[in-house]
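Structure, as structure tokens:
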Amino acid sequence: MTQAVAVVATPAPLAACAAQEINAATEFVVGIMGPFSQNAAWPKALVMQAGAGLAVEEINQAGGLWGKPLRIALQDTTGDPALAARLAETLITQECASALVGGFTSDESAAIKQVSERYGVPFLIVDATADELTSDRSATVFRLAPTASMVAQMPAQWLTVVGDYNGDGVQQVLLIAENTPSGDQSLAQTSQVLAAVGITFDVLRVDAPAQDYSPQIARIVAREMTPDAILLYVAGETGLDLLRQLLEAGIGPAKGTLLVTGRSALDGNLFWQRVPDGVYTVVGRRGPWNTSLTPMGQNFVERFRAFSTQLPEPVAFAGYDAIQLLANAAARAASPAPSDLITALESTDVKLAAGYYHFPFNSLRPPNSPLEPEYLWHQWPDPPLLYLQYIIPQQDPATLDIIWPPIYRTVEGAFIRPE
């Protein structure tokens, strides 16, 4: 008697199923990926989703892509790179996504990137900053967020133009950082880039939170040379208290030292309560600001008020602009095939909500000199990395002038000097 043998068919290899021709599609799909249930990052993922959703509404109201509706397929990566890779494959092979949008951590983004490369589907990164995500010249990856190197270089680029603020013949900078991992990281990055451009700097560490910084301030007062700028890497209300005590000790813009702090100073009520003499304070901001918004950006902010009355986070702008970039590329592409979308993305030349987008370093013009680092491949070179400055007492932060970089500057010069 012959025993029957069960034969198991070899599974067919997975393949991308996005439409290659307009007439072959009833809709077009963009996969939106983010850690929607991860405690640390889910608020950013949600505002990215909200921004993307607003863009899809606008595009569909205008007739969709190639006359077909655009649909978002949402996947929760939970911040797990292995899961992110599996979900990216699902989006490409089962949901027939023509493109992927997301990327919140370097590991998650790297996992999605590998899948996008395998299937030749464009992946637009909205938040992750690791240089290596674009520095290997991936054919499918485009980044809207700044790279880690771009963020790190921001202080040095600005200070190089500021020069000898107090006119004593020497440019000297003081870095004050809190004794935390965040302070360590900020200090390491800034020290490296200042040294690279030849700016002399000193370092002062502080324990935060604290109520009295007089011992540290006494050391600053006793210095032989007055620093041209003090960069404060002390977060939250504690940083504002330190800023106030520096001003009370006679250290500030009127006495030859620019004081530079972070995002907590953009809460106007908190800032003026904690720092009543804070006129001419410089504030760093990552992302668009009210005074830098394009007309599309102003419209986006108004529509985003349905979700929040605050200015949208940078990743919300990136989610919105990523969808608009894909729509712009689709209008110029030879076909809806992902490969043609990639070709069209490389030639992007459009002003959207956060600014003017282009990807000058691509397959036709790769980076090829020390002034063109490899991470600029498929990288938006002008993400808003801003310095703003208060110029009148009790000023509404929404009206702050942008003093850096030149592409977004709203006033002449790299700083506004007290009269």
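The values are calculated or read from the model by the stated rules, or taken from the named source; none is laboratory data. Remember, predicted model here, so these are calculated numbers, not experimental data. Cβ placement follows ideal geometry from the backbone for every residue including glycine, while neighbour counts extend to all protein chains displayed. What goes into the accessible areas is simple: the full protein's heavy atoms, side chains included, and nothing from ligands, DNA or RNA. Shrake-Rupley method; radii C 1.70, N 1.55, O 1.52, S 1.80 Å.
The number of residues in the range 240-283 being under 27 Å from Glu313 (Cβ atoms), assigned to a loop (DSSP other than H, G, I, E, B) and open to solvent by less than 10 Å² (accessible area, probe 1.4 Å) comes to 3.
Return the total of residues in the range 285-303 being touching a Phe, Trp or Tyr at 6+ places or on another chain (Cβ under 6 Å) and not in a helix (DSSP H, G or I). Spell out the reasoning first.
As a first pass, look at the range 285-303 and keep what is touching a Phe, Trp or Tyr at 6+ places or on another chain (Cβ under 6 Å): 288, 292, 300.
Right, trim to not in a helix (DSSP H, G or I) and you get 288.
Of the residues in that region, 1 qualify.
When restricted to residues that are within 24 Å of Thr226 (Cβ to Cβ), among the small types (Gly, Ala, Ser) and either without any contact (Cβ under 8 Å) to a residue 40 or more places away in the chain or out of contact with any Pro (no Cβ under 9 Å at 6 or more places or on another chain) (or both), the range 243-264 contains 4. Quick check: is even one residue across the range 311-327 open to solvent by 10 Å² or more (accessible area, probe 1.4 Å), under 27 Å from Asn23 (Cα atoms), part of a helix (DSSP H, G or I) and modelled with pLDDT under 95? Looking for residues that are open to solvent by 10 Å² or more (accessible area, probe 1.4 Å), under 27 Å from Asn23 (Cα atoms), part of a helix (DSSP H, G or I) and modelled with pLDDT under 95, one finds none in the range 311-327, hence no. Considering only residues in the range 374-419 that are out of contact with any Pro (no Cβ under 9 Å at 6 or more places or on another chain) and small (Gly, Ala, Ser), the one that is nearest to Met150 (Cα to Cα) turns out to be Gly413. For the range 219-238, a tally of residues being part of a helix (DSSP H, G or I) and either of a type in the set (Val, Ile, Thr) or at pLDDT 95 or above (or both) returns 3. Screening the range 279-315 for residues that are within 25 Å of Pro155 (Cβ to Cβ) and aliphatic (A, V, I, L, M) and picking the one that is farthest from the chain's Cα centre (by Cα) gives Val279. Could you tell me which residue of the range 108-142 is nearest to Pro312 (Cα to Cα), considering only residues that are of a type in the set (Gly, Ala, Ser) and in contact with a Leu (Cβ under 9 Å, 6 or more places away or on another chain)? Looking at the filtered set, the residue picked out is Ser109.
Quick one: which of Asp184, Asp164 is exposed (fewer than 14 other Cβ atoms within 10 Å of the Cβ) and either modelled with pLDDT of 95 or more or on the phi < 0 side of the Ramachandran plot (or both)? Unique residue meeting the criteria: Asp164. For beta carbons closer than 8 Å, sequence separation of 6+ or different chains, a first residue in the range 177-194 that is hydrophobic (A, V, I, L, M, F, W, C) and a second that is modelled with pLDDT of 90 or more and assigned to a loop (DSSP other than H, G, I, E, B), the qualifying pairs are Ala177/Val234. Could you list, ordered by first residue, the pairs with Cβ atoms under 6 Å in which the first is in the range 341-361 and touching a residue at least 24 places away in the same chain (Cβ under 8 Å) and in a loop (DSSP other than H, G, I, E, B) and the second is of a type in the set (S, T, N, Q) and open to solvent by less than 40 Å² (accessible area, probe 1.4 Å), at least 6 apart or interchain? Taking only residues 6 or more apart or on different chains, the pairs are Leu352/Gln324; Phe359/Thr348. Annotation: Ala139 fulfils all but one of (1) out of contact with any Ser or Thr (no Cβ under 8 Å at 6 or more places or on another chain); (2) in contact (Cβ under 8 Å) with a residue 24 or more places away in the chain; (3) assigned to a loop (DSSP other than H, G, I, E, B); the unmet one is (1).
The residue that is least open to solvent (accessible area, probe 1.4 Å), counting only those in the range 142-161 that are in contact with a strand residue (DSSP E or B) (Cβ under 9 Å, 6 or more places away or on another chain) and β-branched (Val, Ile, Thr), is Thr147.
Which residue is surrounded by the fewest Cβ atoms within 10 Å (Cβ to Cβ), if the candidates are limited to the range 208-227 and must be hydroxyl-bearing (Ser, Thr, Tyr) and out of contact with any Gly (no Cβ under 6 Å at 6 or more places or on another chain)?
Once the filter is applied, the top-ranked residue is Ser214.
Inside the range 103-124, residues that are under 14 Å from the mean Cα position of the chain (by Cα) and at positive phi make up a count of 1.
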